[in-house]
Every structure is written in structure tokens, then in C-alpha cells.
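One structure is given here, and the rest of the page talks about it.
The values are calculated or read from the model by the stated rules, or taken from the named source; none is laboratory data. Because the structure is a prediction, the values reported are computed rather than measured. Positions of Cβ are generated from backbone atoms using ideal geometry, with glycine treated the same way; all protein chains shown enter the neighbour counts. What goes into the accessible areas is simple: the full protein's heavy atoms, side chains included, and nothing from ligands, DNA or RNA. Shrake-Rupley method; radii C 1.70, N 1.55, O 1.52, S 1.80 Å.
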Amino acid sequence: MFRRLHDTGHVPAQSYRFQFDGRDVEGFAGESVAAALLRAGVTSFRLHPIDASPRLPYCMMGVCQECLVCVEDGPARRACLLPVAEGLRVGPATGKDAEP
Amino acid sequence: MRPSIFDLVIVGGGPAGLAAAADAGRAGATVAIIDTQQEPGGQIYRAAERRAGQGDAEADHGARLASDARAADAQWFVGQSVWQVTPGLQVLLGDGQRAQRLQARRLILATGAYERPMPIPGWTLPGVMTAGAGQILLKSARTVPQGNVWLAGNGPLLLLLASQWLKVGVKVRGILDTTPRGSLTRALRHLPAALPAWRELMRGVQWRAALLRAGIPWIPVEGGLEALGSDRIEAVAWRAKGRRQEAPAEALFLHHGVIPHVRLLQAMGGEMRWDRRQLCFAPVLDEWYSSTVPGVAVAGDGGGIAGAAAAERQGRLAALAALHGLGRIDAATRDARARPLRRGLSRSTCMRPFLDVAFPPAADLVVPKDEGVKICRCECVTVGRIREAMTQGASGAHELKLATRCAMGPCQGRQCATTLEEMVVACGGARQPLRVRSPVEPVTLGEWAGLAGN
């Protein structure tokens, strides 16, 4: 559904490996966890706490709050504001924890 | 520990914020600039510093603004969200784990705009996003959609995105244009005033021509825009020439204008006005971009949609006013420096009336006809539920919010307040913005508690 364009600069962007819900995901320096997850083909970042509908990012800029994920078992955070980092453990925001 | 004091705290690192920071810093004021993103640039200059030096004039300009702000010794608070500003201008911000307080003598809110909500059936399906999201993915993550990609809505941003994608080999299956019939004709009387910006207008024409040459269908839509699918979008439907049509879709990007994002100002009690041409609420501001809240100015799209070039100039004007208010420059200096900025400002905004009238949102995309449409994404509140609450006696946006939980979810009404407010007006109610209260950004109890001892 999403792919990354080749880097045009002299130095290719640094790549990082992190985890979403136990699976390995590749991300690049400067991009958000949300962007990396979309490219990885993740089908939903969370199931909506009211109707369990699968949700993916809508606005990518911190406004819509659809991209909520849990980082290192912590509280829900907006994945579109979270930079990718090596070894990050990210999981779906679920149930009541989906309300930050 | 007392909070750090800054002459000027700027919330928002886009063109308005960066320009204000550079000018104020250069004049010797202590400046803090706060942004939720990790990199400066706001939305339009996303990742500008990373993208600079590769032949993209827009990115180069954004990078220049950022480096000017850095050179002026502005103190950066990146990855931080401001959830509250007290009447005494104490700024509370956090990054989700740790919070801090800054004391401002003057405040400039340069928080920009976000997309006007476009509630269509299926808009909460995975794969339905805003055109802005498409640009953010392209600029900050070099990421583009593939497969059957559709654009729907209206406005220059839609055109721009389609042509930016075309340049990198992404050909959308079609553009579904929701502009109400007769809009361009109504806009023509504003064209003479827009002519000084003929270069920008020509750019729009060129984008459109490039899309035509590439064979991308431009489909005027009468209504019935829908995203179809079960766990993600699978098709897009619309009505054109009296007939319902459908096409396979893996991604749908929506856009029908942007609206000011100034929740901090609203939470502080800043007065808002209804802009009849832009069809949105905007802050009441004077000629120096000062709001009705003492010491607080709003520069950039947050004060009313005017674009990046205007935002920069507004930021510089607001900085001048702040410097004068702080006693760093006298009124004569302030006014002299303001003159060329104001001239530039009227040049950069002369196109606005034409654009606003040429690309208004369609009525059924402001208030959906379909009762099943979720107008509140966060709390899953449908048009039907709002109507039911109205018949049960709830009147006004606030009562409807209490009765249905609309606008009570994580986004706090950013995606549904405009729709709710319009539904109230459509039923004869007064037009009023839904009340906004702090915290206006998510904050954990841990962050809050961590502030208590400081």
C-alpha cells in the first residue's frame, strides 16, 4: 500500500529495526513510527475501544489521535509524533489504554 | 525550582514561528520555540533541513528559516506539546514522559491549521487519510501510496499533492472534485485582486495541465462520496452525471480546505469570530496579530488561512509588536520595520479571496446527509445519534456533546466540532465554537504530578 522512494541525497538515511506487536519493522532516520508501520503493511494500529473497528492514521500530524500505540508497555502515544529508534518496542493501543 | 523565563515563547515551529524567533532573537530577546515535531518546519516545511540542497526550492526556503532561527539563539523544545497556558503566561509542556514549565513575558501562537473534517461514509476505514497526511508521508518519510489511489475534495492542496506524486512516479486513479457548481463563476469577481499573484495562479494551471497530460481523470462529483470496505478501504463511490459510480481503491486521500488550529487561545478565553468567506472560526486579532488575551498574539494560518508566505510576514510583525511591548524597540522603529512587511503581506494574501470562493466545501460534506456517518471518530457518534439527541431536547453544541459524548474523545472535537456546530446552525441554533478547555494536548498524570514539586 505504501513504499519508500529511493534516497536522492549522497548519504542514504540510516535504517533502524524496531518491533511492532512482536514483528520486526524497518524504519529510517527522521521518519515517524506511524510512517514506518504504514509501509510495513500493518493493517491496524489498534482496535477502536468502542466498536473494535481497525484504525490506521488519518492526519499524520498529531491532530486526529487515530495512530495511538503503546511504547514499551507505556501509555498510548501518537505514533505520528514518535521518531523511529533502534530496538523500540511498540504495540497496539488497546481497550481503555487507548485513551491517553 | 522556578520555571525559566523567556521574553518570548513561540508555540509552533512552522514559517510564522521560525520567522518570529529569528527576528526577536536577533533583536536580543530571549526566545523559546516549542513544537510537537522533532524537526522545525511545521507542516509545509516538513523535514526541510533534511530535504534541503537537492533542488527543492520550498525545502531550501524552509531550511533557511530554520537556520535563521537557530542562529538567533532561540532555545528549542522539540517533540513537546503545550497543553496549557495560564493567564499569567506560564506555559506547561511535555513530551509524554516529562513535563516542564516556562514563563513567558510574551507569547506567540503559531500553531497553524489542520484539515477541515470531511465526514463521509467509511472515512474511519484504514487507508482513508487526508491530503496533508499524503504530503507528510512524502516529505518526512519519502513514502508514497501504491495501487489504486484516489484523491477527493477540492482546493489547491489536492492539485499540489497529485502533481508532487506524479513527479515521483505515482499516478492517482482519479481526482474526485467536490467543488459546488458555480463556485468558479462566483470567484471571478475576486480574480482582478488576485492578479498580482499571477505566478502562483499560473503554477496551479500548470499542475492541472500536467495532470491532464498524464491522463489522470478529473471527475466533478455531485455528491454521494463514500469509502467502501470492511476492514480497510476497498472501493470509492460517488455520484456524477446523475449516476452512482464506483471504483476499486486501496487508498483515498481527502481534502477540502484547512481551518485554524488555535485551541490554546480558545482555552485561554481568546475571542473568536466567524469568517464568512473561509467558513471557519478564526481568532479576533488586531493589526499586530494580538489576540484579545493580553500578551498573546497569533501568527500564521492559526489566525486565519493565508498561506506560508503570509505566515512568515505575520510572524515578523507579531515579533515586532512583542519587542515593542517588551520595551526593546520604540514605536517608530516598530512601525518603520513593519511597513515593508505589510506591503509584502498584502501581496501574499491577494489571492486568498479568489481561492476561498473558488474552492468552498460542499454542503453535504460539512453536514453529511447519511444518518449512519460517524461525525465523531473518537466516540463513534453518528449523524443519526446527534439528531436523536436534538429531538430529545439537547440544544446547542455543548448540550449535544454532553448527551452523546461527541467531542469527548482523544481528539477533543478537532474532527467533529465543526460538523456539530454546523448541525446546530442548520437546526436554527446560534453559531458558536464548541468550548475548549485545557489540557488541549494529551498529558499523563505522571507528567502533571512531576510538575507539582517544581
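Brief remarks on what is shown
- Principal axes of region B:121-250: Cα extent on each, largest first, Å: 48, 38, 25
- Packing-based order for B:154-165, B:336-347, using average beta carbon neighbours within 10 Å, highest first: B:154-165, B:336-347
- Mean separation of Cα pairs under 8 Å and 6 or more residues apart, divided by the residue count, gives chain B a relative contact order of 19 percent.
- Anchor B:LYS139: aspartates and glutamates whose Cα lies under 15 Å away (excluding residues fewer than 8 positions away in-chain): A:ASP7, A:GLU31, B:GLU39, B:GLU49, B:ASP56, B:GLU58, B:ASP60
- Fraction of beta bridges assigned by DSSP in the protein assembly as shown that are antiparallel (%, nearest 5): 55 percent
- If you sort B:THR30, B:THR185, B:THR419, B:THR179 by accessible surface, 1.4 Å probe, largest first, the order is B:THR185, B:THR30, B:THR179, B:THR419.
- Here the average projected area of the convex hull drawn through the C-alpha atoms of the protein assembly as shown stands at 24.6 nm².
- Listed residues B:GLU246, B:GLU422 arranged by accessible area, highest first, probe 1.4 Å: B:GLU246, B:GLU422
- Area accessible to solvent at B:LYS369, 1.4 Å probe radius, in Å²: 150 Å²
- q = 0.10, 0.16, 0.18, 0.25 Å⁻¹: log10 I(q)/I(0) that the Debye formula gives for chain A, counting C-alpha atoms only: -0.25, -0.63, -0.78, -1.42
- Cysteines in chain B lacking a second Cys C-beta under 4.7 Å: B:CYS280, B:CYS350, B:CYS378, B:CYS380, B:CYS411, B:CYS427
- Low-density loop positions, trypsin sites (Lys or Arg not before Pro), region B:219-279 - DSSP coil, at most 14 other Cβ in 10 Å: B:LYS241, B:ARG276, B:ARG277
- Partner shielding of B:260-273 amounts to 0, given as the average count of beta-carbon atoms from other chains within 10 Å of each residue beta-carbon.
- In the protein assembly as shown, a dipole from Cβ-located charges (positive for Lys and Arg, negative for Asp and Glu) runs towards its positive end, and of B:GLY122, B:TRP150, A:ALA29 it is B:TRP150 whose Cα lies farthest in that direction.
- Cα centroid separation, region B:403-430 to region B:85-160 (Å): 19 Å
- Here B:LYS401 is the anchor, and the lysines within straight C-alpha reach of less than 22 Å, apart from those fewer than 8 places off in the same chain, are A:LYS96, B:LYS369, B:LYS374.
- Averaged over peptide B:144-155, the number of partner chain Cβ atoms lying within 10 Å of each residue's Cβ comes to 1.
- Derived scalar couplings between HN and Hα for region B:82-93 equal 8, 9, 7, 10, 7, x, x, 6, 8, 9, 9, 9 Hz in order, rounded to whole Hz, by the Karplus curve 6.51 cos²θ - 1.76 cosθ + 1.60 (θ = phi - 60°), x for Gly and Pro.
- Across peptide B:32-41, the average count of Cβ atoms from other chains found within 10 Å of a residue's Cβ is 2.
- Whole-number percent relative contact order across region B:89-173, with pairs defined as alpha carbons under 8 Å at least 6 apart: 18 percent
- Normalised by 2.2 N^0.38 Å, where N is the number of residues, the alpha-carbon radius of gyration of chain B equals 0.98.
- Kirkwood hydrodynamic radius of region B:311-454, Cα pairs, Å: 19.1 Å
- Electrostatic dipole magnitude of region B:226-269 [Cβ: Lys, Arg +1; Asp, Glu -1; Cα centre; debye, to 20]: 280 debye
- Per residue of chain B, the DSSP helices (runs of n ≥ 4 H) give a summed -39500 (n - 2.57) that works out to -11000 deg cm²/dmol at 222 nm.
- Length-normalised contact order of region B:147-190 in % [C-alpha pairs under 8 Å, at least 6 apart]: 47 percent
- Note that region B:1-117, at 20 °C in a medium of 1.002 mPa s, gets a Stokes-Einstein diffusion coefficient of 150 µm²/s from its Kirkwood radius over C-alpha pairs.
- Per-residue [θ]222 nm for chain A (sum of -39500 (n - 2.57) over DSSP H runs n ≥ 4, rounded to 500): -1500 deg cm²/dmol
- Pairs of Cα atoms farther than 27 Å apart, region B:171-310, %: 44 percent
- Chain A: most fluctuating residue of A:ALA85, A:ALA52, A:ALA76 per GNM, C-alpha cutoff 10 Å: A:ALA52
- For chain A, the residue among A:TYR58, A:GLN19, A:CYS80 whose Cα projects farthest onto the positive side of the dipole built from Cβ charges is A:TYR58.
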